[in-house]
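In what follows, a single structure is set out as structure tokens and then discussed.
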Amino acid sequence: MTADDTIHAPDEAWDAKVKAILKAELKRKSVTYAQLVDKLAAVGVKETEPNIRNKLARGKFTAVFMIQVLTAVGATNLRID
């Protein structure tokens, strides 16, 4: 997908892109969903493993959730291409 394709992509393509970005960051940090539950709790966010799994499977979650996850896993940079 080129940058121009992304600009005109349907919502499903955006959902897939966001999901891939977050999953890639979890993989880079070697964080499982079970570990993510604990890491989120440490920053004051209560989530369950099934809830996290469902959010990431759908690719539909808020920007707030994405920032919470990135903060919880200690991400300092984010690659979006």
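Couple of notes before you dig in:
- Using a probe of 1.4 angstrom and keeping all protein chains present, the accessible surface of the chain works out to 67 square angstrom per residue.
- Comparing 44, 24, 65 along the charge dipole axis of the chain, the residue lying farthest to the positive side is 44, per the Cβ-charge model.
- Rounded accessible area of residue 38 (nearest 10 Å², 1.4 Å probe): 110
- Screening the chain for whole DSSP H helices with an alpha carbon extent of at least 24 angstrom along the helix axis and a mean Kyte-Doolittle hydropathy of at least -1.0 yields 11-28.
- Averaging over all projection directions, the Cα-based convex hull of the chain occupies 5.2 nm² in the image plane.
- Dipole moment magnitude, nearest 20 debye, the chain about Cα centre, only Lys, Arg, Asp, Glu C-beta charged: 340
- Two-site label geometry, residue 81 and residue 16: point separation in nm, points 7 Å out along Cα→Cβ: 2.0
- For residue 70, the solvent-accessible surface computed with a 1.4 Å probe is close to 20 Å², ligands and nucleic acids excluded.
- Accessible area of the chain belonging to carbon and sulfur atoms, whole % at 1.4 Å probe: 56
The values are calculated or read from the model by the stated rules, or taken from the named source; none is laboratory data. Because the structure is predicted, anything quoted here is derived from the model rather than measured. Reconstructed Cβ throughout: ideal geometry from the backbone, glycine too, with neighbour counts over all protein chains shown. Side chains are part of the model used for accessible areas, which takes the heavy atoms of the whole protein and leaves out ligands, DNA and RNA. Shrake-Rupley method; radii C 1.70, N 1.55, O 1.52, S 1.80 Å.
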